[in-house]
Amino acid sequence: MEKEMVVVLDFGGQYNQLIARRVRECNVYCEIHPHTMDIEKLRAMQPKGIILTGGPNSVYKEDSPSYSPELFSMGIPVMGICYGSQLMAHLLGGRVATAPVSEYGRTQVEIDAPDSLLFEGVSPQTICWMSHTDYIAQAPEGFRITAHTADCPVAAMENKERGLYATQFHPEVMHTAEGQKMLSDFVYRVCGCRGDWQMASFVDTTVAALKERIGDGRVLCALSGGVDSSVAAVLLSKAVGKQLTCVFVDHGLLRKNEGDEVEAVFGPNGPYNLNFIRVNAQERFYEKLAGVIEPEQKRKIIGAEFINVFEEEAKKIGAVDFLVQGTIYPDVIESGLGKSATIKSHHNVGGLPDHVDFKEIVEPLRMLFKDEVRKAGLELGIPENLVYRQPFPGPGLGIRIIGEVTAEKVHIVQDADAIYREELHKAGVDGSLGQYFAALTNMRSVGVMGDERTYDYAVALRAVNTSDFMTAEASEIPWSVLQTVMNRIINEVKGVNRVMYDLTSKPPGTIEFE
Ligand code: XMP
C-alpha cells in the first residue's frame, strides 16, 4: 500500500512542529523539512499534501526565505499558514504589506465561505490564534477570500481548483478553537489521506532501530527522573538492557524528596534492568550559584556544572559508545537550534559533555511533544504516576527562585511547592492541569503575624492549562483551594508572609519564571 505522507516546509516559525504533530494526530505520517529543500527532492517524496509554516520574516524583503513558485503547480495540495499564507499570496501575484493593525492572540474570525472544504461545519464566527505584523492586502487572482477579521481582510483564502489554501491564523495551536478540524479537513478532504498511521508503532520501530544501531555497544544516560529522560531510559533499557548505565545527578534543585523517589524507581530495588548511579552534588551547585541573579547565567551555570559532575562519573565508567539525551521537540525549538529566536537556553540541549568518551548521541524523543512522550511511556508499560509526572525543567528550582539561589531559598520553595501539590491533589484538580508549581519571588514585603511585624518573601503559585507547552493559559483553580494553600504555606513555611497567584498566559509570559 502506498505510504501517505504530508510534508511541512519549515520557514522558521515557533509552532512548526505543532503542525506536524497535529497531522500525526490525524494518523497521517508527517515530516518537517527546511524551506531550503530542493523542489525535485520534495516532488520525489510524493507527499499527499504540503504545509508551509509561519516564520518571523517579511515575504517582500529581499533575503527572506522563499520557495520556487513551481511548488503551487505540482498538482499537490498546499496549505500556507501565517508566513506561509503570505508567501503563497506573494509568489502568486497577490500583495503582502505591513498590516495597519498587528493581531496577536485570540482573534474573532468571520468565515465568509462556509462551503469551503476547510470551513464546512465551522462556526460562522470562530476564535483563532493570530500572531502577525504583515498581512495579505490583496489575494492573488483566482483566489477567493474565505475568512476575514476586523483588522485583516484576508484571514483565509483559497483556490479550490488548484488545491491551494491559506490561513493567516494558526490552526495548529490549541487556542484556535476549531483549528484541528480545519487541519484534519485539509489532510482528509483536500489531500485525500486515509489516516492509517499509528503513534503506537513509534515505540516498536524505535526499540527495534535502537537495538540495531547499538548492537552490543555500551550506553550512558543522564537520568533526571522527569518524564523525558525516564521514557528515553526505559526505551533504551528495552532495547539493550544492562548495556545501559544511568547516572542521576542530584543537583540540590529538585522538588521535595524527589531524589529518593527517583532512586526508588530506577535504583537497584526498582523494576528496571539497568545500572543506576546516584550522585549527590548539592553543595557544588549552591557554591557555583552564589551571588548569581541573571536567569540565563543561572541556566548556563547549572547546565555546565551538571555536565562537569556527569563527566566525572562517566570517567569512572570508562569509554561508552552512545550517550542518550532525553531531548524533546520544544527543547529544540525554544533553545534556538532551528531558526526561531532563542527564548531560553534549555538545560539538556546543546550542552554536551566534552570529556565523555562516546561515539554517538542517541535522542529517541527528539521529534516528540510532551504528550506524545507520555503516550510512548504508556506504550512502554511505565507506571501512570511516572508518565503523568509533571514536567520539571533541567535547571530545576534554580529557575523557580528569582534572584540568587541559596540553600535556604531552596528549602522554602520546596516546602511551599510540596504543600501546593498536595492540596491540588487532595482537591482532585491536579489531573486537569498542564503544569503547576510554586516559585519564590525575590520580593519581600511587610506583613503582620501574631501581632508582630514580618518582612518576608512572597511565594508565587503558577498553574497552567496547556497540552503542548508552547502556548498556555493560567488555570482556574477554585478559590477555596488557593486559600487553603495560602494558609498552609504561610503557617508552615518559615520565611514566607505572602502568597500570590500568577495569571499570565504564554505568550507573553513563559511557563517558568526564568
Ligand atoms: P517555558 O518556561 O519555556 O517552559 O514556557 C516550557 C516547558 O519547558 C520546561 N522547561 C525546561 N525543560 N530544560 C527542560 O528540560 C529546561 O531548561 C527548561 N526550561 C523550561 C518548563 O518546565 C515547561 O514545561
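The values are calculated or read from the model by the stated rules, or taken from the named source; none is laboratory data. Model, not experiment: these values are computed from the prediction. Reconstructed Cβ throughout: ideal geometry from the backbone, glycine too, with neighbour counts over all protein chains shown. To get the accessible areas, we keep the full protein, side chains included, count just its heavy atoms, and leave off ligands, DNA and RNA. Shrake-Rupley method; radii C 1.70, N 1.55, O 1.52, S 1.80 Å.
For region 392-406, which residues satisfy the criterion of being within 16 Å of the ligand (Cβ to nearest atom) and open to solvent by 10 Å² or more (accessible area, probe 1.4 Å)? Lay out the reasoning, then the answer.
Step one: of region 392-406, the residues within 16 Å of the ligand (Cβ to nearest atom) are 392-402, 405.
Listed by number, the residues that qualify are F392, P393, G394, I402.
D151 versus (1) surrounded by fewer than 21 Cβ atoms within 10 Å (Cβ to Cβ); (2) within 25 Å of R21 (Cα to Cα): which is the lone unmet condition?
Against the list (1) surrounded by fewer than 21 Cβ atoms within 10 Å (Cβ to Cβ); (2) within 25 Å of R21 (Cα to Cα), D151 comes up short only on (2).
Can you work out which of the residues in region 154-184 that are in a loop (DSSP other than H, G, I, E, B) and β-branched (V, I, T) is surrounded by the fewest Cβ atoms within 10 Å (Cβ to Cβ)? Even if it seems obvious, please write down each step before you answer.
Quick first cut of region 154-184, residues in a loop (DSSP other than H, G, I, E, B) only: 154-155, 160-163, 168-178.
With the extra rule that they be β-branched (V, I, T), the set shrinks to 154, 173, 176.
On the way: V154: 26, V173: 20, T176: 24.
Across region 154-184, the extreme among qualifying residues is V173.
Consider D502 carefully, then state whether it is within 11 Å of the ligand (Cβ to nearest atom), on the phi < 0 side of the Ramachandran plot and charged (D, E, K, R).
Details: within 11 Å of the ligand (Cβ to nearest atom): no; on the phi < 0 side of the Ramachandran plot: yes; charged (D, E, K, R): yes.
Spelling it out, it is not the case that D502 is within 11 Å of the ligand (Cβ to nearest atom), on the phi < 0 side of the Ramachandran plot and charged (D, E, K, R).
With respect to the numbered conditions (1) open to solvent by less than 10 Å² (accessible area, probe 1.4 Å); (2) in a loop (DSSP other than H, G, I, E, B), which one is the sole condition not fulfilled by V7?
Among (1) open to solvent by less than 10 Å² (accessible area, probe 1.4 Å); (2) in a loop (DSSP other than H, G, I, E, B), V7 violates only (2).
Among G54, G80, which is in a strand (DSSP E or B) and within 23 Å of the chain's Cα centre (by Cα)? Full working, then the answer.
Working: G54 fails: in a strand (DSSP E or B).
Answer to the selection: G80.
Return the residues of region 392-450 that are part of a helix (DSSP H, G or I) and among the charged types (D, E, K, R); say none if nothing qualifies. Before the answer, list the steps.
Taking region 392-450 first, the residues part of a helix (DSSP H, G or I) are 396-399, 407-426, 430-432.
Those that are part of a helix (DSSP H, G or I) and among the charged types (D, E, K, R): E408, K409, D415, D417, R421, E422, E423, K426, D430.
Can you tell me which residues in region 185-202 are more than 12 Å from M79 (Cβ to Cβ) and touching a residue at least 60 places away in the same chain (Cβ under 8 Å)?
Just the residues of region 185-202 that are more than 12 Å from M79 (Cβ to Cβ), to begin with: 188, 192-202.
Y188, G192, C193, R194, G195, D196, W197, Q198, M199, A200, F202 - these are the residues of region 185-202 that are more than 12 Å from M79 (Cβ to Cβ) and touching a residue at least 60 places away in the same chain (Cβ under 8 Å).
Could you go through region 452-464 and let me know if any residue there is open to solvent by less than 60 Å² (accessible area, probe 1.4 Å), among the aromatic types (F, W, Y), in contact (Cβ under 8 Å) with a residue 24 or more places away in the chain and away from the ligand (no atom under 16 Å from the Cβ). Before the answer, list the steps.
As a first pass, look at region 452-464 and keep what is open to solvent by less than 60 Å² (accessible area, probe 1.4 Å): 454, 456-464.
Remaining after also requiring among the aromatic types (F, W, Y): 457.
Still in the list and also in contact (Cβ under 8 Å) with a residue 24 or more places away in the chain: 457.
Of the ones still in play, those that are also away from the ligand (no atom under 16 Å from the Cβ) are 457.
The answer is yes, given that some residue of region 452-464 is open to solvent by less than 60 Å² (accessible area, probe 1.4 Å), among the aromatic types (F, W, Y), in contact (Cβ under 8 Å) with a residue 24 or more places away in the chain and away from the ligand (no atom under 16 Å from the Cβ).
I'm checking my understanding of the structure. Among residues of region 361-375 that are acidic (D, E) and either closer than 15 Å to T206 by Cβ or open to solvent by less than 20 Å² (accessible area, probe 1.4 Å) (or both), which one is modelled with the highest pLDDT? Steps first, answer last, please.
Step one: list which residues in region 361-375 are acidic (D, E), which gives 363, 371-372.
Restricting the remaining residues to those that are either closer than 15 Å to T206 by Cβ or open to solvent by less than 20 Å² (accessible area, probe 1.4 Å) (or both) gives 363, 372.
Details: E363: 91, E372: 84.
Among them, the one singled out is E363.
Which ones in region 356-391 are over 21 Å from S237 (Cβ atoms), assigned to a loop (DSSP other than H, G, I, E, B) and within 13 Å of the ligand (Cβ to nearest atom)?
Correct list: F369, Q390, P391.
With respect to the numbered conditions (1) in a loop (DSSP other than H, G, I, E, B); (2) buried (at least 22 other Cβ atoms within 10 Å of the Cβ), which one is the sole condition not fulfilled by A233?
If we test A233 against (1) in a loop (DSSP other than H, G, I, E, B); (2) buried (at least 22 other Cβ atoms within 10 Å of the Cβ), just (1) comes out false.
Report every pair of residues separated by at least 6 positions or lying on different chains whose Cβ atoms are under 8 Å apart, first residue within region 412-429 and more than 16 Å from V499 (Cα to Cα), second not hydroxyl-bearing (S, T, Y).
Qualifying pairs under 8 Å: A427/P478; A427/V481; V429/I477; V429/P478; V429/V481.
I'm trying to understand the selection: among the residues of region 185-219, which are more than 26 Å from E360 (Cα to Cα) and either crowded, with 20+ Cβ neighbours inside 10 Å or out of contact with any helix residue (DSSP H, G or I) (no Cβ under 8 Å at 6 or more places or on another chain) (or both)?
Of everything in region 185-219, those that are more than 26 Å from E360 (Cα to Cα) and either crowded, with 20+ Cβ neighbours inside 10 Å or out of contact with any helix residue (DSSP H, G or I) (no Cβ under 8 Å at 6 or more places or on another chain) (or both) turn out to be D185, F186, V187, Y188, R189, V190, C191, G192, C193, R194, D196, Q198.
Mind checking which residues of region 125-145 are within 31 Å of the chain's Cα centre (by Cα) and either at pLDDT 95 or above or of a type in the set (A, V, I, L, M, F, W, C) (or both)? So that I can check it myself, show each step before the final result.
So the first thing to find is which residues in region 125-145 are within 31 Å of the chain's Cα centre (by Cα), and the list is 125-136.
Passing the criteria: Q125, T126, I127, C128, W129, M130, D134, Y135, I136.
Got at least one residue in region 424-433 being within 16 Å of the ligand (Cβ to nearest atom), surrounded by 13 or more Cβ atoms within 10 Å (Cβ to Cβ) and β-branched (V, I, T)?
no
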